[in-house]
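Structure record follows, encoded as structure tokens.
The values are calculated or read from the model by the stated rules, or taken from the named source; none is laboratory data. Everything numeric here is computed off the predicted structure, so don't read it as measured data. Neighbour counts run over all protein chains shown; Cβ positions are idealised from the backbone, glycine included. We work out accessible area using only protein heavy atoms, side chains counted, and drop any ligands, DNA or RNA first. Shrake-Rupley method; radii C 1.70, N 1.55, O 1.52, S 1.80 Å.
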Amino acid sequence: MKKRFGIDIDGTVTCPRSLIPFINKAFDMNIRYEEINQYDLTPFVNVSGEVFANWFSKNEAMIYQASPIAAGAKQALDKWKKAHELFFISARGPHLLDVTEKWFVDHGLTFHHIELIGSHDKVETIKRHSIDIFFEDKHDNAVAIHEECQIPVILFNTPYNQDPLPKGVIRVNNWKEAVIWVEDWLNQQGNSSQVSSTS
Ligand SMILES: [Mg+2]
């Protein structure tokens, strides 16, 4: 049964540690990934929020281009690319589409659609595309998407998303665990559609 997968990019398909070395170099710091216990990085840097935001917008294209892929992401996405649709939905700004598409091509990743919405609020986009399952690393996004779209959300475990989760948001440690959960979910979907088609 063909499903439409909705997938966040940063910290989900890219390694969640991607940003740290760039920040450490730019601001001569020694932040460790393990100590990043919230999504907003501003409190961890030694400059004002404004300086940090300006630095980020000047450098984000270079950072995105150089971001490593998350371990196991390619294997998982390759496994699903033929039988399902892969829709990447990201808070990156729309002006970063070229950089983003090139990164996918450079990493040999298939995509059926990429949408850069320039905002963390993905609910409307997910509803509009009738996404069946979503993959995220941002805790409040994962919870809102599950509750408002009524779909399962896979949350990739990071130091910055440790708050409790409702049933329906599934915390996994890596893409290997995500594949196991999703394959089981796909099998259940197949079984329930068989039951309803014969009844
Ligand atoms: Mg993300």
Taking 0.36 nm per residue of separation between Gln150 and His129 and subtracting their Cα-Cα distance, the length gained on full extension comes to 6.2 nm
Per-residue HN-Hα couplings for segment 11-22, Karplus 6.51 cos²θ - 1.76 cosθ + 1.60 at θ = phi - 60°, whole Hz, x for Gly and Pro? x, 10, 8, 8, 4, x, 7, 3, 6, 4, x, 5
Mind checking Rg over Rh on the chain, alpha carbons, Kirkwood formula for Rh? 0.98
Using a 1.4 Å probe on the protein heavy atoms only, what accessible surface does Ile69 show? Give it in Å² to the nearest 10. 50
Could you give the length gained by full extension between Gln75 and Ala61, i.e. 0.36 nm per residue of separation minus their alpha carbon distance, to one decimal place? 2.5 nm
Tell me which residues come under 5 Å, amide H to amide H, from Ile69 once H is placed; ignore anything under 5 positions away on its chain. Cys15
Order by protection proxy (mean Cβ within 10 Å, highest first), peptides 14-25, 118-129: 14-25, 118-129
The chain: relative contact order in percent, alpha carbon pairs under 8 Å with at least 6 residues between: 26
The ³J(HN,Hα) series, computed from each phi in segment 172-189 with the Karplus coefficients 6.51, -1.76 and 1.60 at θ = phi - 60°, rounded to the nearest Hz and given as x for glycine or proline, is 10, 7, 6, 5, 4, 5, 4, 4, 4, 5, 5, 4, 5, 4, 4, 5, 5, 4
Per-residue ³J(HN,Hα) for segment 139-154, Karplus 6.51 cos²θ - 1.76 cosθ + 1.60, θ = phi - 60°, Hz, x for Gly and Pro: 4, 5, 4, 4, 5, 5, 5, 4, 6, 8, 9, 6, 10, x, 10, 8
May I ask what percent, to the nearest 5, of DSSP beta bridges between residues of the chain are antiparallel? 5
Full extension from Ser48 to Ala83: what is 0.36 nm times the residue separation minus their Cα-Cα distance, to one decimal in nm? 7.9 nm
Tally up the carbon and sulfur contribution to the accessible surface of the chain as a whole percent, 1.4 Å probe, everything protein left in place. 51
By average Cβ neighbour count within 10 Å, what is the ranking of 99-111, 153-165, 32-44 from highest down? 153-165, 99-111, 32-44
Go ahead and run the numbers for FRET between Lys25 and Ile180, Cβ-Cβ distance against an R0 of 35 Å, rounding to 0.05. 0.45
